[in-house]
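Please treat every number below as a calculation from the coordinates, not as lab data. Every value quoted in this text rests on a predicted model; they were computed, and no experiment measured them. For neighbour counting, all protein chains shown are included, and Cβ atoms are generated from backbone atoms with ideal geometry for every residue, glycine included.
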Amino acid sequence: MSTLEIHQIPTRSDNYVYLLRESSSGNAAVVDPSDADPVLDTLEMFGWNLTHVLATHHHDDHIGGVPKIKEATGCTVVGPKADRERIPMIDVEVADGDVYRLYEAEAKVWDVPGHTRGHIAYWFAESRALFCGDTLFALGCGRVFEGTHQQMYDSISKFAEVPDETWVYCAHEYTMSNARFALHVDPDNAALQDYARQIERRREAGVSTVPSLMGLERRTNPFLRADDAAFAAALGMADKPPVEVFAEVRTRKDNF
Ligand code: ZN
Ligand code: FE
């Protein structure tokens, strides 16, 4: 096992693409390349050699760059077995419970359906890095496009295994609008109030709010607080099962 150096590339209006570089060599992998050119330009600038694409799900803003990147580099494309028909050029299919070895690092793979039916997440424990695509966001979670609320709740619940000190590398800068909603449903949460102020300052300075720390998300992200009795009670859902609280919060966000 070993740790990876992680470099964030902002693309489109609010996407984040990540380069994972093996510290002992110039080899690198890219997670969710929305577009090829910013990735290829960054590799050239750093002098890094791309060996792998890791894809989380089939949406164009996550795999749009794959064909051109594969053609330019001959890299290996890793992606969800559950969605191989909709993701072009997958060479290595991975699925729930797999341990995918990238260089000397190991990623645990989870199937996390809900946003899409074939969505997966990669957890590099030793690098303290969770690549969750559009499943979990800083102070938010992905829209449930293809699955059920139960599926999305079960998917996010898999991240319970991840330690608090893990960085959540989500794929979008949605944090400001997520914070507005979070404060709306959880107005008395002091940790959330502090976090929201920090986010505002960072965005005013043009600084990325991603990655965020899992421990902080657990205290502030309303989608991770469905099992908190006081939070449920404040929503008028005391004693309801967490999945129902989660579904209610997701529905309110959809209509916010
Ligand atoms: Zn998506
Ligand atoms: Fe996306």
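For Phe137, what is the net charge nearby, where nearby means another residue's Cβ is under 12 Å from its Cβ and Lys, Arg count +1, Asp, Glu -1?
-2
In degrees between 0 and 90, to the nearest 10, how far off the longest principal axis of the chain does helix 175-185 point, with axes built from Cα atoms?
So the inclination is approximately 20 degrees.
Give me the dipole magnitude in Debye, nearest 20, for the chain about the Cα centre, with unit charges on the beta carbon: positive for Lys and Arg, negative for Asp and Glu.
For this selection, approximately 400 debye.
Could you check what % of the DSSP bridge pairs in the range 4-254 are antiparallel, to the nearest 5?
65
Rounded to the nearest 10 degrees, what's the angle between the helix 190-204 long axis and the longest principal axis of the chain, both from Cα atoms, 0 to 90?
It works out to around 50 degrees.
For Val53, which sequence-distant residues (separation of 5 or more, or a different chain) have an amide H within less than 5 Å of its own amide H, given hydrogens modelled in the peptide plane?
Val30, Thr76, Val77, Val78
Calculate the length of the line joining the C-alpha centroid of the range 151-190 to that of the range 65-100, in whole Å.
Between the Cα centres of the range 151-190 and the range 65-100 lies a distance of 27 Å.
Remind me, relative contact order of the range 164-240 in percent, using alpha carbon pairs under 8 angstrom and six or more residues apart?
38
When you count, for each residue, the other Cβ atoms within 10 Å and take the mean per peptide, how do 231-241, 45-55 rank with the highest first?
So the order, starting with the most tightly packed, is 45-55, 231-241.
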